[in-house]
Structures are given as C-alpha cells and as structure tokens.
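K.L.:
Before I ask anything, let me first share the structure, which is written out below as structure tokens.
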Amino acid sequence: MPGAFNALTARLIETVGFPAVYVSGAGLTNATCGVPDIGLIGLDEFVKLAGYIAAAVDVPVVCDADTGFGGPANAARTVQLYERAGLAGLHIEDQEFPKRCGHLAGKDVIACDEMVARIRAAVAARTDKDFLIIARTDARAVEGFDAAVARAARYLAAGADAIFPEALERAEEFAAFSATLKQKIATAHLPLAPDNSAVLMANMTEFGKSQLLPLSDLAAMGYRMVIYPQTALRVMMKQAEACLRDVKQAGTQQAWLDRMQTRQELYDLLKYNPAAETWP
C-alpha cells in the first residue's frame, strides 16, 4: 500500500494497479499543513482529509490514526468516524501524546494495559466486521525487541486484527518478530490465522531505521501488508523542487514538458471528459 497524501495521489495509486491505499499521518500533516508529524492535526481534520481520499477510489483505504486521539473513548469515536468516512481500516499506536515519527529517537510508549484498553474500545465500537483495526507498537526502540513482541501478543488478545511493529531494523529482526510472535500465539492458543500466525504490517519508509526489503522477502517472512507511506510525496517534492529551481533560473518550464503529466493525463485520472461535459 503506497501512501497517499491527497485524493489525486490515491487515484494514481489505484490507476497503477495497487490493491489498496495507505494514508500516512505524516503525509497528511506535512503536505496539508506544512508542519511536522507531532500530533498537530486533530481527529476532525484526519477524518475530513482521509474521507476525500476514500471517496476518490474504489480500492480499500487504510488510514493512520496516530494514538487514537486520546483514551479508550476517543479511540472508539475514531473508529466510528473513520467508518462513516468510508475508510477500510486504521492503525493505532502505543506512543504517548504528543507522538513523534516512529523512526526518530526520543519516543515514549504508554503502559501496555492502557493500550489494551484502547484496542478493546476500538474493537467494540466498530459496526462493520470487515473494518480493520491494526495495533502499532513503537516499543522496539523504547523497551526492546522482546517487549515489543510481548505487547503485540497482548494487543492481539485484546482483539486487534493485525500488528504493525514500527522501526524494526534489519531483515533478521523482521523475520524474528514474525516467528517469535507466532510462537507466542500458539502458546496462548490464539488461532488468528490458519497457520496460527498473526497478520503483520511492515513499514518500508525511506531514510529511517528499517532496512528496505523487497515485498517478496517480507511476504516469505509472514508479512501480509507492506506500506510505503512517504514514497510518492518524497519523489514528487524532490522533482518539483528541481523543476522550480530550473524555472527560476531559465525563466521557462519548456525543458520539463516531457517530464510533466499532460492535461489529458490529468483529465483521464480525474475521469473527466471536457468535450462531453461529463463527470465522472
């Protein structure tokens, strides 16, 4: 699931052929408000912006929900509003508020019991049984690998549909997390999948703590979802910067025409036919 920071990017992700879209809290925060990902966008803004994205595509959209925007009651309300906005799922993390980017130092996590309460409230609040509730743990960088696995097992027992272990580092650690959690599930008699494994999400964000691994390798380790949260945003921003610098120096964009999306390509993406004056 590549990350979309607006509805047009989501359309592009769908058109290219990806089966789902991911909405990064960092992407929304950076692109919409021009501020860092430290919990500055509230629930209502998330719902409105992510709702535009969900309405623009036919594939499922899974959206970041940061820390659930508060305690258990807030997590429950978040699920309700995300469902109404047309989203297919969310993930809630166990960081303290205000949160930090998961790949930065200086994070803190809440008590495991508190996160369990949030997950239970979120699960109880959903009305669509297919709405996906993913529990993200940032404990690897704070409490260590073993604690992150232990938390993941408790989050699954609380009703989470999947686990998102944030900021794992090398390939060996991704593999070990999956294998160790599978053992804990078997011991605890939590048959979450036919092979008693958990549904896992891997974050392949660039320039962070995690080694960038091929999709096939992650699948072989047992990861069923892989997100690329800021890939499109980073590429677009880098290329836009280069173009704008060139335009400033040359006084024309002529040299960039063959690297631009054409007017017709934009209309096609928007499903707009100006000649027939029809949309969609």
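The values are calculated or read from the model by the stated rules, or taken from the named source; none is laboratory data. Fair warning: this is a prediction, and the values are worked out from it, not measured in the lab. Reconstructed Cβ throughout: ideal geometry from the backbone, glycine too, with neighbour counts over all protein chains shown.
K.L.:
Looking at ASP113, is it at pLDDT 95 or above, over 15 Å from LEU132 (Cβ atoms), outside any helix (DSSP H, G or I) and not aromatic (Phe, Trp, Tyr)?
P.N.:
Working: at pLDDT 95 or above: yes; over 15 Å from LEU132 (Cβ atoms): yes; outside any helix (DSSP H, G or I): no; not aromatic (Phe, Trp, Tyr): yes.
No.
K.L.:
Same structure again: Report, by residue number, each residue of the range 236-256 that is over 19 Å from ASN6 (Cβ atoms) and among the acidic types (Asp, Glu).
P.N.:
ASP246
K.L.:
Then there's this: Just wondering, is there one or more residues in the range 203-213 that are under 17 Å from MET1 (Cβ atoms) and free of Cβ contacts under 8 Å to residues at least 24 places away in the same chain?
P.N.:
Yes, there is a match, as at least one residue in the range 203-213 is under 17 Å from MET1 (Cβ atoms) and free of Cβ contacts under 8 Å to residues at least 24 places away in the same chain.
K.L.:
Give me the helices (runs of 4 or more DSSP H) completely within the range 1-84, filtered to those with at least 2 residues that are surrounded by fewer than 21 Cβ atoms within 10 Å (Cβ to Cβ), of a type outside the set (Asp, Glu) and over 14 Å from the mean Cα position of the chain (by Cα), ordered by residue number.
P.N.:
Of the helices (runs of 4 or more DSSP H) lying wholly inside the range 1-84, those with at least 2 residues that are surrounded by fewer than 21 Cβ atoms within 10 Å (Cβ to Cβ), of a type outside the set (Asp, Glu) and over 14 Å from the mean Cα position of the chain (by Cα) span 7-16, 43-56, 72-84.
Residue-by-condition table, conditions (1) among the charged types (D, E, K, R); (2) touching a residue at least 40 places away in the same chain (Cβ under 8 Å); (3) part of a helix (DSSP H, G or I); (4) in contact with a strand residue (DSSP E or B) (Cβ under 8 Å, 6 or more places away or on another chain):
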site: GLU173; (1), (2), (3), (4): yes, no, yes, no
site: MET201; (1), (2), (3), (4): no, yes, no, yes
site: ILE227; (1), (2), (3), (4): no, yes, no, yes
site: ALA232; (1), (2), (3), (4): no, yes, yes, yes
site: LYS238; (1), (2), (3), (4): yes, no, yes, no
site: VAL247; (1), (2), (3), (4): no, no, yes, no
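K.L.:
Could you check how many residues of the range 197-206 are exposed (fewer than 14 other Cβ atoms within 10 Å of the Cβ) and modelled with pLDDT under 95? First the steps, then the outcome.
P.N.:
Residues of the range 197-206 exposed (fewer than 14 other Cβ atoms within 10 Å of the Cβ): 206.
Subset that is modelled with pLDDT under 95: none.
Adding up the residues that qualify gives 0.
K.L.:
State the number of residues belonging to the range 211-225 that are assigned to a loop (DSSP other than H, G, I, E, B) and either modelled with pLDDT under 95 or hydrophobic (A, V, I, L, M, F, W, C) (or both).
P.N.:
3
K.L.:
If you take the residues of the range 209-252 that are basic (Lys, Arg) and within 18 Å of the chain's Cα centre (by Cα), which of them is surrounded by the fewest Cβ atoms within 10 Å (Cβ to Cβ)?
P.N.:
Only one residue tops the list, namely ARG224.
K.L.:
Residues in the range 120-171 that are in contact with a helix residue (DSSP H, G or I) (Cβ under 7 Å, 6 or more places away or on another chain), assigned to a loop (DSSP other than H, G, I, E, B), under 18 Å from TYR82 (Cβ atoms) and not acidic (Asp, Glu): how many?
P.N.:
5
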